[in-house]
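A.B. asks: Below is the structure I would like to discuss, written out as structure tokens.
Only the coordinates and a few stated rules stand behind these numbers; no lab work does. Just so we're clear, the structure is a prediction, and the values are computed from it rather than from any experiment. Here Cβ is always computed from backbone atoms with ideal geometry, including for glycine, and neighbour counts include all displayed protein chains.
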Amino acid sequence: MKRAGLLLAAAAALGLAAGAQAADKLKVGFVYVGPIGDHGWTYRHDVGRLAIEKTFGDKVETTYVESVSEGADSERVIRQLASTGHGLIFTTSFGFMNPTVKVAKKFPKVKFEHCSGYKRAANVSTYLARFYEGRTISGLVAGKMTKSNVIGYIASFPIPEVVRGINAFTLALREVNPKAEVKVVWVNTWYDPGKEGDAAKALIDQGADVILQHTDSPAPAQIAQKRGVWAVGQASDMTKFAPRAHLTAIIDNWDSYYVARTKAVLDGTWKESDVWGGLKSGMVEMAPYNSAIPKDVVALAKQAEADIKSGKRHPFQGPVRNQAGKVVIPEGKTADDKMLLSMDWYVEGVQGKLPGK
Amino acid sequence: MLPRLEPRSGVSAAMMLLTPAIAVGLTLIAGVIMFAALGFDPGRALYTFFVKPVSTLYGVSELLVKATPLAIIGIGLALGFRANVWNIGAEGQFTLGAICGGGVALALHGVESWLVLPAMAVAGILGGLAWGAIPALLRVRFNANEILTSLMLTYVATLLLSYLVHGPWRDPDGLNFPESRMFEDSALLPVILDETRLSIAAPITLLIVLAGWLVLSRAFLGFQIKVVGQSPAAASYAGFSEKRLIWTTLCVSGALAGLAGMFEVSGPIGQLHPVVSPGYGFTAIIVAFLGRLHPVGVLFASLLIALSYLGGELAQIELKLPLALTGVFQGMLLFFLLGTDVLIRYRVRFGRRGAQIALPQGG
């Protein structure tokens, strides 16, 4: 008994020491839905976390908890971070929205940043990237590179973000190649190399010669390389996994946002906000274009990048028709954020039916 | 000369009860060695992993929240496993319970009545029961292996939930995101400790433990289960119906998993999500065995496994240790438990074998 008591006391003292040490540092916590080694979504958020450490050095301390389930566990993990002295907490999956808001109510002094949700509070901000701008660029490239005019698209869950990507891609694809069509496979996961690879194989068997993915593992690009077709990477530059097949990739870049928000907390200027950054703010980037892409196609892609940044071009520029051929966005108009955020219909040129419709 | 295993003449009952404690002790010792090898202070690491998570009242309440589904499912599974009925699909039955219980909550949205929760519980139980009855029917009728059928039905259940929250049950004000609306207060389990998520599910779990214990030790059903498990031939001579036991154990374990699923969505989650379980149905299999297939043992095992999850989270936060550590601890615990089990049933002998004894085959 005595020894156990001593051990407890020693451990408690250690805990106290750690607490005192951390008092003058800003502790920044991250809750991840996947493993940091996924080479995609979570990996890119973790790169953002490391950017905070690199920028602020001794002034901050960062923590992460990986592979947190979106069920009942997330609320406890978020609360544990809040109650262990973290002043800024990033929760980086849609399913963490309600738990984040619940915990935020109990910890009004802690700042929360939730990625991809829509619920905000005085101490809860939301942020997301306009990945669909990158889809436009990859649509232009895919339209020029396809020979079979069949594009395979591996989609995760039928939420607006993913549907928006499919639509932006398809609009750009058919702008340069009106005969091209898009086949979509829903894999109902963000990260499952086996399933993603199988979906890629099935799409290639159906004639697809460019594979797009809205899932996070490099498996589809690897399959594409093996089968001699093209691929567009997701979330991070996947060139090293499939150097021949990898046309480009849509890179999530959270570094500058994470650094800016951390700085705001350090300066005491942090305020609730809703940030939706795209190519212009650097939250979305295109990976280097494959040297096999003809020069004029690269020039077209780069021009489109510049035009989106300058506002000359919008990924959803009317007229935009839905699958039934009905004009949803009239000529001269562009889709507003409200329409983009709740998009649950396919544009013309996408094959199949949206699940749940 | 290779060591070999010889069966012992008798298995000590005291040792059977002691081995889980020995396994925990060995796990701790191995943990100390591992932390020291990784360059961490073993005392502080073990404290963070096993003590700190429950050093506050909130921590204890979270331990109970996490252990509740594991215990409820584990008790149902233990009954079946004792009768050699291998229900591996508790995850699916849990999901069906969440779907049916949650469905009632959504259908009765706006109804302020104390009857909402009992109705949800009944629906959850029936949902899990139905999902357990399918493998029972396939086994009894077509002799289809319930390990495979119950496991495969898990994926059906997950996809059904996914369809519902992406489609008909989607929150009308949720911008098409895949989750149901939040349940009303009348569809949420009453919290029994302020400022925590500890609900009446925890005391109900204790009642289920007690009921499971009584069934096994006092009821004729429990006797039949034990006889079938230990000696199927003796059971058939005694005229016990194997079919009836398959039906009963699969339905009961399904119903309990369904109840646990309903508790989860009407308790800590409070809505339907594409993900309602971080694998409770599968973890409960470990819990059942760790608890010696005994309801009280299952209760302790569920607390221990729940603690390993909480400790894993805290170790990531406080010590920046990797998540894999949780898996390593659970793996070591099982390894030492199975290892000590082998050693109480067999003795290790070196040297040439005297009288030729056939090595018993595991199975």
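A.B. asks: How much length, in nm to one decimal, is gained on full extension between B:R8 and B:V122, taken as 0.36 nm per residue of separation minus their Cα-Cα distance?
C.D. replies: Additional length available on full extension: 36.3 nm.
A.B. asks: Something else about it: Averaged over B:268-275, how many beta carbons belonging to a partner chain fall within 10 Å of each residue's beta carbon?
C.D. replies: Mean partner shielding for this stretch: 5.
A.B. asks: On the Cα set of segment B:44-134, report Rg and Dmax in Å, please.
C.D. replies: Both quantities, over Cα of segment B:44-134: 17.3, 51 Å.
A.B. asks: What do the square roots of 5 times the Cα gyration tensor eigenvalues come to for chain A, in whole Å, largest first, as semi-axes of the equivalent ellipsoid?
C.D. replies: 40, 22, 19
A.B. asks: If you don't mind, another one. Just how large is the dipole of segment B:232-363 about the Cα centre, in debye to the nearest 20, putting +1 at every Lys and Arg Cβ and -1 at every Asp and Glu Cβ?
C.D. replies: Rounded to the nearest 20 debye, it is 820 debye.
A.B. asks: Within segment B:160-175, list the residues whose amide N lies under 15 Å from a label point set 7 Å along Cα→Cβ of A:Y118.
C.D. replies: B:166-167, B:170-175, by backbone N distance to the label point.
A.B. asks: Next question, about the same structure. Would you mind getting me the FRET efficiency between A:Q323 and A:V176? Use the beta-carbon distance for r and R0 = 22 Å, nearest 0.05.
C.D. replies: Efficiency, rounded to the nearest 0.05: 0.60.
A.B. asks: Per residue of segment A:120-125, what does 6.51 cos²θ - 1.76 cosθ + 1.60 with θ = phi - 60° give for ³J(HN,Hα)? Whole Hz please, x for Gly and Pro, Karplus curve as stated.
C.D. replies: Karplus-based 3J(HN,Hα) across segment A:120-125 equals 10, 8, 4, 10, 10, 9 Hz.
A.B. asks: Please report the Cα spread of segment B:70-299 along all three principal axes, rounded to whole Å, starting with the longest.
C.D. replies: Principal axes ranked by extent give 61, 39, 28 Å for the Cα atoms.
A.B. asks: Still on this structure, I have one more. To the nearest 10 degrees, how steeply does helix B:146-166 sit against the main Cα axis of chain B, on a 0 to 90 scale?
C.D. replies: That helix lies at roughly 20 degrees to the long axis.
A.B. asks: For chain A, find the longest principal axis of its Cα atoms and tell me its angle to the long axis of helix A:73-83, 0 to 90°, nearest 10.
C.D. replies: Long axis of A:73-83 versus the principal axis of chain A: about 50 degrees.
A.B. asks: In square nanometres and to one decimal, what's the mean projected area of the convex hull around the Cα atoms of segment A:22-129?
C.D. replies: Over every viewing direction, the Cα hull of segment A:22-129 projects on average to 6.4 nm².
A.B. asks: I've got another one for you. Hey, what number do you get for chain B at 222 nm if only DSSP H runs of n ≥ 4 count, each worth -39500 (n - 2.57), divided across all residues, to the nearest 500?
C.D. replies: -22500 deg cm²/dmol
A.B. asks: Step through the residues of segment A:217-223 one at a time and calculate ³J(HN,Hα) from phi using the Karplus curve (6.51 cos²θ - 1.76 cosθ + 1.60, θ = phi - 60°), rounding each to whole Hz and writing x for Gly and Pro.
C.D. replies: Couplings: 8, x, 4, x, 5, 5, 5 Hz.
A.B. asks: For B:M34 and B:L338, what does the FRET efficiency come to when R0 = 25 Å and r is the distance between their Cβ atoms, rounded to the nearest 0.05?
C.D. replies: 0.85
A.B. asks: Further question on the same structure: Compute the distance in nm between two label points, each set 7 Å from the Cα along the Cα-to-Cβ direction, one at A:R244 and one at A:N149.
C.D. replies: If labels sit at A:R244 and A:N149, their model points lie 2.7 nm apart.
A.B. asks: Hey, another quick one. Given Cβ point charges of +1 (Lys, Arg) and -1 (Asp, Glu) and nothing else, what value in debye, to the nearest 20, does the dipole of the protein assembly as shown about its Cα centre take?
C.D. replies: For this selection, approximately 1440 debye.
A.B. asks: Tell me whether segment A:169-240 comes out rounded, prolate or oblate; compute the Cα gyration tensor, take square roots of the eigenvalues as a ≥ b ≥ c, and use a/c under 1.5 as the rounded threshold.
C.D. replies: prolate
A.B. asks: Please give the helix B:242-264 orientation as an angle from the longest Cα principal axis of chain B, in degrees from 0 to 90, rounded to the nearest 10.
C.D. replies: 50
A.B. asks: Could you work out [θ]222 nm for chain A from helices alone, using -39500 (n - 2.57) per DSSP H run of at least four and dividing by all its residues? Round to the nearest 500 deg cm²/dmol.
C.D. replies: Computed mean residue ellipticity for chain A: -13000 deg cm²/dmol.
A.B. asks: Give me the Debye-computed log₁₀ of I(q)/I(0) at q = 0.06 Å⁻¹ for the protein assembly as shown, equal point scatterers on Cα only, no solvent, two decimals.
C.D. replies: -0.41
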